[in-house]
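Reading through the structure tokens given below for one structure.
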Amino acid sequence: MSDKCDLCLLGLIILSSLLTGISGVDDDHVFISSGVNVRLSCNKALSDCKSTTWNYSRFRHSAAVELITLGIKNKNTERHERLSLESDCSLNIKNVTEEDYGSYTCRQYVNGQKQGTDARFYLHVLHVSVSPSSSSSSSSQTEISPGCSVTLSCQLYLGTVFSCDDRVSSEGVELLWVNQAGVDLKSDSRYQILSSSHQHHCIITLTTTLLNEDNNREWRCQLTHRNQLQTSVTHTVKYSVVRSTTATALTPDTTANSLNPVIVIVVAASFALLLLALILCVIRKKRAGNRRGTGDSVEQTDDAIYTEITAYS
């Protein structure tokens, strides 16, 4: 009988550990998109937050970083400007980036002794990048010209010790590219969609050649967990800048075409003036020649008269 009770007690301990992750710790998974704000609650056991510490670690064996120490924000961390502690000891993270994924643990102390149950969150961040990138590209919008090939890369950064393959197979985590109507784009032949996995993040890429009608089109990468939508990131392609550039590029040609008649008129007028100048020059030469001829004949006549007068005399 005693052995059976011991077995029952052991079973309860194991079950309690499974329900709370590690004994004395409440685990929770948070799926969120980059660029938004997130609030992580703490199991507040005290009346204030002066004994609250928030720790962060990206990997299982990496050293923990204290973001909040006994209610005071650590300014030595890179993200300190985006962190804040609420009156209920919750941790706020503004404008989440893909660098924020990992585990966050809230713990409270009194006289160096831990109080209550730790609250631990595994923060998983969904982020979209685009290739080729441009100065006007962002995670939500890209300005590019039609006819170009574009690749949208959707990455899920996992804040747990499990790899992407583990999460997909055991937890039912799935990434999908869908259109504005929510239809899976795998069924559309104009899109090439590839999935891959790394130790700490899952990737699904969408590659396509942009058509004229793709202006302002939205593609959405969505994350589902056990067939339930958790979060999504929408990316939009715009042609506005490219159109203005095209118009500018066409302006010299259009201006040149509009100036063609003027150029023809100027050339024709110049040619006419040149021809008139040549004609006037020829006329002047002829007149000069005639004058010389007349002058010679007058001189000859004078010579003849002079000769005759000499002869008579």
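Computed from the coordinates by the stated procedures, all read-outs in this text should not be read as laboratory data. All values reported here derive from a predicted model rather than from experimental measurement. With ideal geometry, Cβ positions are generated from the backbone for all residues, glycine too; neighbour counts draw on all protein chains shown.
Quick check: convex hull of the Cα atoms in region 125-239, volume per residue, rounded to a whole Å³? Spell out each step's value before the answer.
Working: hull volume 11.4 nm³, N = 115.
Cα-based convex hull of region 125-239, divided per residue, equals 99 Å³.
Under 5 Å between amide hydrogens, which residues at least 5 positions from residue 239 or on another chain qualify, with H placed 1.01 Å from N in the peptide plane?
Result for residue 239 returns 216.
To check my understanding: the extent here is largest minus smallest coordinate of the Cα atoms along each principal axis. What are those three numbers for region 25-123, in Å, largest first?
37, 25, 22
Chymotrypsin sites (Phe, Trp or Tyr not before Pro) within region 41-98: which are DSSP loop residues with at most 16 other Cβ atoms inside 10 Å?
Numbers: sites: 54, 56, 59; in loops: 59.
The qualifying sites are 59.
Spelling out what I want: for every residue of region 96-109, take phi, set θ = phi - 60°, compute 6.51 cos²θ - 1.76 cosθ + 1.60 (Karplus), and round to whole Hz; glycine and proline get x.
With the stated coefficients, region 96-109 comes to 4, 10, 5, 7, 8, 5, x, 10, 10, 10, 9, 9, 10, 10 Hz.
State log₁₀ I(q)/I(0) for region 186-231 at q = 0.28 Å⁻¹ as given by the Debye formula over alpha-carbon point scatterers of equal weight, solvent excluded.
For region 186-231 at q = 0.28 Å⁻¹, log10 I(q)/I(0) is -1.17.
Please list, ordered by chain and number, the residues whose modelled amide H lies under 5 Å from the amide H of residue 151; skip anything fewer than 5 residues away on the same chain.
Long-range HN contacts for residue 151: 131.
Give the long-range amide H neighbours of residue 36: residues separated by 5 or more places, or on another chain, with amide H under 5 Å away, using H modelled in the peptide plane at 1.01 Å from N.
96
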